[in-house]
Amino acid sequence: MYFSKSFIPILKNNPTEAKIKSHQLMLRTGMIKQSSAGIYSWLPLGFRIMKKIEQIVREEQNRVGVQEILMPTIQSSDIWKESGRYDDYGEEMLRIKDRQNREMLYGPTNEELVTEIFRSSIKSYKSLPQLLYHIQWKFRDELRPRFGIMRCREFYMKDAYSFDISDEEALHSYNKFFLSYLNTFKRMDLSAIPMAADTGPIGGNLSHEFIILADTGESKIFTDKRIFEVDSSKTTIEKNSLNKLRENFEKYYSVTDEKFNQIEFEKNVPEKYRLQTKGIEVGHIFYFGDKYSKPMNASVDYNGKKEFVKMGSYGVGVSRLVGAIIEAKYDEKNETMKWPMSVTPYDCSILPIVNKNDNSNLEIATNIYNSLKKNNIDVLIDDTDENISSKIKKFKLLGIPFQIIIGKNFNEQKIEFTEINHDPIFISIDEIIKKIKSKKSH
Ligand code: 5CA
């Protein structure tokens, strides 16, 4: 992509309405544009990042055997009346009437709809477990939308739902999501800690929030620092292995503020390991047994007996993650963001010095661009006639991990190549490709 043809509307200064780094940078670099309070359009740069995040989430769901579906954004109120949540959910739910005067709503979550889908087809315990997910827009009429896409009204979420025959089997499903979430966030270079949490309007009595540490986070957390050392890399989806993983995490006190108890904290965590800080909730998993299956009559035949299925639900804030990654990865010292290779909108930028009467640098840049593209490296080439130092500054602002600079006296064997916030090195195109590819495969 040539920068002159791209739609990346960069602002000169940080917008004053934005209070936190991620919101400032997302507006400044033209990733998003507000369309009304708490509702945003995603422009190409932001959309590319969100799509990469979505794909990682998808792959890790598929890996533990969850099947992808797509449910609509608009739901009928009937199923919410069946579950009893239509009145309980309150003003956060956007209620709409269609032309027949039927009560509809823009889904804030999908427990009811997926239960309705399940009960209409699955009749025997032999079809269990059923694990289903979709990635779809949600709407919650938040009282105070804030921090850009971090707490907004319309947001993109991965939500999954599990259906099992017994508590024991349901906890096995819960644990599969527990593992898949650790793997998902690890692939984005994030260390997300599972913390015992409240269940709020979703319900149930077992729940973990996955939280990444950030001073600007809205969740207060209390934790034992040793939890950061727990290793999940050898865990498989076998029951024992997953149970062990949960145990390894749960032996350390780690809770959000709704669950916090000072006496327990001090009793369980030696002083030197106590950490009281803030974080961003990027995922939340719940186990709620038959809370929905019973009122909605979602049951299966179990050797001649009717059993209500045991359910859980599992959310990842796909759009929130874009902001969360900026908050977690922002480099205060250099005042830059740096995208993890797995989600970066472009891997590399090519910045030629462009002279009005001489196209040669632009031609060299285009040749290098083609070689990188052939190697599946995503490149943005700055063909504008801005001076080179403002081009370098611009791409630092965008957080693109690598830069190639084509200046005077170009030498094929010694191309100026910079990893963001490092000193430039001078290497050949083959070495550049090797370096970027090896970073991409980590
Ligand atoms: N049905 C359950 C699990 S699928 C559920 O809705 N859980 S949730 O309410 O915790 O939302 C799941 C995730 O969506 C959260 O962890 C958070 O990352 C994201 N999220 C929730 N509300 C917002 C919001 N207003 N703006 C942006 N992201 C949000």
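So, in segment 110-131, of the ones that are open to solvent by 20 Å² or more (accessible area, probe 1.4 Å) and part of a strand (DSSP E or B), which residue ends up nearest to the ligand (Cβ to nearest atom)?
So the residue we want is Gln130.
Just for segment 259-276: of the residues that are in a helix (DSSP H, G or I) and of a type in the set (Lys, Arg), which one is farthest from the ligand (Cβ to nearest atom)?
Applying the filter and picking the extreme gives Lys272.
Among the numbered criteria (1) touching a residue at least 40 places away in the same chain (Cβ under 8 Å); (2) open to solvent by 30 Å² or more (accessible area, probe 1.4 Å), which one does Thr223 miss?
(2)
Could you check segment 155-186 and list, in sequence order, the residues that are in a strand (DSSP E or B), of a type outside the set (A, V, I, L, M, F, W, C), within 16 Å of the ligand (Cβ to nearest atom) and open to solvent by less than 10 Å² (accessible area, probe 1.4 Å)?
Within segment 155-186, Lys158, Asp159, Tyr161, Ser162 meet the criteria.
So Gly148 fits all but one of (1) within 14 Å of the ligand (Cβ to nearest atom); (2) under 23 Å from the mean Cα position of the chain (by Cα); (3) at negative phi; what number is the exception?
For Gly148, the exception is condition (3).
Does segment 219-228 contain any residue that is within 16 Å of the ligand (Cβ to nearest atom), β-branched (Val, Ile, Thr) and assigned to a strand (DSSP E or B)?
yes
Based on this model, can you work out whether Ser342 counts as open to solvent by 10 Å² or more (accessible area, probe 1.4 Å) and modelled with pLDDT of 95 or more?
Yes.
Name the strands (runs of 3 or more DSSP E) wholly within segment 277-325 that hold at least 2 residues that are touching a residue at least 24 places away in the same chain (Cβ under 8 Å) and either out of contact with any His (no Cβ under 7 Å at 6 or more places or on another chain) or open to solvent by 10 Å² or more (accessible area, probe 1.4 Å) (or both)?
So the answer is 299-302, 310-317.
Only one of (1) within 15 Å of the ligand (Cβ to nearest atom); (2) over 30 Å from Arg226 (Cβ atoms) fails for Thr256. Which number is that?
For Thr256, the failing item is (2).
The values are calculated or read from the model by the stated rules, or taken from the named source; none is laboratory data. For clarity, every value in this text was computed on a predicted model and none was experimentally measured. Neighbour counts are summed over all protein chains in view; Cβ atoms, including those assigned to glycine, are modelled from backbone coordinates with ideal geometry. Note: accessible area is taken over every heavy atom of the protein model, side chains too, but ligands, DNA and RNA are not part of it. Shrake-Rupley method; radii C 1.70, N 1.55, O 1.52, S 1.80 Å.
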